[in-house]
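Contents: one structure, followed by commentary.
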Amino acid sequence: MSSALVAGTALVSSVATGGVAAPGAARVVDRTLACTTGVQGGARVIFLRAQSAYGQGKNLEWLAQTTVAATGQPVPSKPNYRPTLAGMTAGWPPTPPLTSGGIGFHNRLCKATRSKVAFVRRGLVGGEASQLGDEYTCVVPKSMLVRIRAEFRAPTELERDRSFYSANGRVVRGQIAVTTLGGKPLVYGEVAESGTARLFTPKGCV
């Protein structure tokens, strides 16, 4: 299994869920964020990855995933550090030690906002991601809006781990939309319980 795949499937750590919902738990987690991007080669860019699930027999060996990452502050131990701004995984049933999917988003590079972001693909191109994974780099503004939403089979709640929030559980459908502050669509991605991931980007992404 590749390091990129390990990083993607470990985006949200799996947790056991009981039959009683915790305080503040909900079947739908929906957040809109204002995020800041980093600079690479003199340009503001984001890094996109989408991968459909794969499995032999009844269980999936890895889950469907879609992530939006930015250029981070490099350090000697991580010269190519790319922090995940928002990401999600889904697919059922997984192969142990995986027990669920989930969603997560960065709490330092992204801040909650009341801005409205619609899940649309207007002006974007793309489709279903391969099981080997599809990756793109897109030039974007310094600031952008990111909306992440997931419907879970059972109520779950957001948990904070340092600079990251995550909600873990069996995801029915997850969606990510990225737009400019003015509302122009930049990215649309989704994952499904069936193990399918889909990604749509501007034509200029490479």
Fewest-first ordering of Thr84, Thr66 by Cβ atoms within 10 Å yields Thr84, Thr66
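Which of Trp62, Trp92 has the fewest other C-beta atoms within 10 Å, and how do the rest follow up to the most? Could you put the intermediate results ahead of the total?
Details: Trp62 24, Trp92 18.
Sorted ascending by nearby Cβ count, the order is Trp92, Trp62.
Could you line up Lys203, Lys184 from fewest to most neighbouring Cβ atoms inside 10 Å?
Lys203, Lys184
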Name the lysines eligible as straight-distance cross-link partners of Lys142: C-alpha to C-alpha under 20 Å, and not fewer than 8 places from it in the same chain.
Lys111, Lys116, Lys184, Lys203
Taking a quarter of the surface of the Cα convex hull of the stretch 28-201, what do you get in nm²?
10.3 nm²
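Where a number appears in this text, it was derived from the coordinates with a stated rule and is not lab data. If you're wondering where the values come from, they're calculated on a predicted model, not measured in any experiment. Quick reminder, even Gly has a Cβ in these numbers, built from the backbone with ideal geometry, and neighbours come from all protein chains shown.
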